[in-house]
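Enquirer: I'd like to ask you about the structure that follows.
Since every read-out is calculated from the coordinates, none of them should be taken as a lab result. Predicted model only: the values in this text are computed from it and were never measured. Glycine also receives a Cβ, built like all others from the backbone with ideal geometry; neighbour counts cover every protein chain displayed.
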Amino acid sequence: MNHSVWLYIMVMALVSYLLRVLPLTLIRKQIKNRFIKSLLFYLPYVTLSVMTVPAIFSISENPVCGIAALIAAGIIAWITSNLFLSACVACITVFIIGMF
Amino acid sequence: MSTHKNLKYNFLHGMKDGVPIGLGYFAVSFSLGIAAQSAGITPFQGLIMSMLNNASAGEYAGIAAIKANASYIEIALLILIANARYLLMSCSLSQKLSPDLPLIHRMLIGFNVTDEIFGIGIAHSYPLPPSYMYGASAVSIPSWALGTMFGIIAGNMLPVNIVTALSAAIFGMFIAIIIPPCRENHFMLGVILVSFLISSLFAIIPGIASLSESVRIIILTLLIAGAAAIIRPVSDEAESEVTSQKEQEA
């Protein structure tokens, strides 16, 4: 079955909006439950991790590009915490290894 | 100072604080645009997608799902997981708003609760004026949306080897979000390495590997984050935030 990109975008927008607006309008409370709070704390880190690996390995036909980019960006992020710099290092790594 | 002057002051103050955020957003959403281009999303669709979503991880997850021709339920669940943290942020932010702030303002502020806009909102003194948030959003939303659009256009025009290299940018940024907290929180480093490992295994183990990308992300995120929350629950930071806010009021 083929799906409409516009409908995808609308579903994404609706879910994003509800997550943000419900606590400001209907709920208006702090989350007290420790498990829920902890889960929400870890969710973004785990989501970003599982979205990065293994997808980064298939950036180019040569998986070494992705592996090297992951390591290089990881080192730069550890040292500098700089988003832009890590991104540049990842791109340059893929570009250089891609030339061989 | 009259209310009108206050309104203008707060809006301009928000715009000023929104400029560095907007500049950073442009770079992130440009890389997001490169990813969107590979999923066949047009520049105009990308512009609208970013204008309505304002979320890097959420949009990237959405793009991956669109690329894989996922079902609408799948993409809804995926966005729910990828953006779940905004629920927590909005809960905190609601404590920062005046209790008698009209519904329409709450609905408008809710539109653009992002990590960075939440950050400056929480840093603002109580009660948080909506015009401050609108000022910041007036800078950050266009820059986020235009960045995505230009990323898609660039992806369409640049040579393949450059686009391949640029497609690593979004991952470099994700890495720069997940790695720095690991310096102080070694448990987090473990969580991330386990996520990398299990996620890679899920992509090769026969049977499980046939799961779609979005289902894989949903299952893994809930499993690993759930296990982490049980093994190492977080301390009550949000509680102390409210306490310090009440102290300010007193």
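Enquirer: Between the helical axis of B:56-67 and the dominant principal axis of chain B, each derived from Cα atoms, what acute angle in degrees is found, rounded to the nearest 10?
Expert: The two axes meet at around 40 degrees.
Enquirer: Further question: Residues with beta-carbon under 15 Å from that of A:A77, excluding A:A77: net charge, scoring Lys, Arg +1 and Asp, Glu -1?
Expert: 0
Enquirer: Sticking with this one: Specify the inter-centroid distance of segment B:4-75 and segment B:144-203, based on alpha-carbon positions, in whole Å.
Expert: 15 Å
Enquirer: Next question, about the same structure. Quick check: residue separation of B:M157 and B:L103 times 0.36 nm, minus the Cα distance between them. What number comes out in nm?
Expert: 15.0 nm
Enquirer: Which residue fluctuates most in the GNM of chain A (Cα springs below 10 Å): A:L43, A:L24, A:L70?
Expert: In the Gaussian network model the winner is A:L24.
Enquirer: Please report Rg (one decimal) and Dmax (integer) in Å for the Cα set of segment B:4-58.
Expert: Computed over the Cα atoms of segment B:4-58, radius of gyration and Dmax are 14.8, 47 Å.
Enquirer: Among the listed pairs A:K29/B:K5; A:K37/B:K96; A:K29/B:K8, which are separated by more than 22 Å between their Cα atoms?
Expert: Flagged as over cut-off: A:K29/B:K5; A:K29/B:K8.
Enquirer: Still on this structure, I have one more. Can you check how the C-alpha radius of gyration of chain B compares to 2.2 N^0.38 Å, as a plain ratio?
Expert: 1.11
Enquirer: So what's chain A giving for Cα Rg divided by 2.2 N^0.38 Å, two decimals?
Expert: 1.50
Enquirer: Under the √(5λ) rule applied to the eigenvalues of the Cα gyration tensor, what semi-axes describe the equivalent ellipsoid of segment B:133-187? Give them in Å, descending.
Expert: Gyration-tensor ellipsoid for segment B:133-187: 27, 23, 5 Å.
Enquirer: OK, next. First select every other residue whose beta carbon is under 14 angstrom from the beta carbon of B:I120; then total the charges, Lys and Arg +1, Asp and Glu -1.
Expert: Around B:I120, the surrounding residues sum to -1.
Enquirer: Still on this structure, I have one more. When a footprinting reagent is the concern and you count Cβ atoms within 10 Å, what order do B:M149, A:M99, B:M49 take, fewest first?
Expert: Ascending Cβ contact count within 10 Å gives the list A:M99, B:M149, B:M49.
Enquirer: Now for a separate question. Treat each spin label as a single point 7 Å out from the Cα along the C-beta direction, and report the A:L85 to A:L22 distance in nm.
Expert: The answer from the label model is 4.0 nm.
Enquirer: Calculate log10 I(q)/I(0) of the protein assembly as shown for q = 0.07, 0.08, 0.09 Å⁻¹, where I(q) comes from the Debye formula with a single equal point scatterer on each Cα and nothing for solvent.
Expert: Listed by q, the Debye log ratios stand at -0.29, -0.38, -0.48.
Enquirer: Restricting attention to segment A:1-54, which trypsin sites (Lys or Arg not before Pro) occupy a DSSP loop and are surrounded by at most 14 other Cβ atoms within 10 Å?
Expert: Those that pass, being in a loop and sparsely packed, are A:K29, A:K32.
Enquirer: How high is the relative contact order of chain B, in percent, counting Cα pairs under 8 Å that sit 6 or more residues apart?
Expert: 34 percent
Enquirer: Per residue of B:221-232, count partner chain C-beta atoms within 10 Å of its C-beta, then hand back the mean as an integer.
Expert: Average neighbour count from other chains, rounded to a whole number: 6.
Enquirer: Then there is this: Would you look at the GNM of chain B, springs on alpha carbons closer than 10 Å, and say which of B:R106, B:R183, B:R216 moves the most?
Expert: B:R183
Enquirer: Write down the Kirkwood hydrodynamic radius of segment B:37-76, to one decimal in angstroms, obtained as one divided by the mean of 1/r over all alpha carbon pairs.
Expert: Its Kirkwood hydrodynamic radius stands at 10.4 Å.
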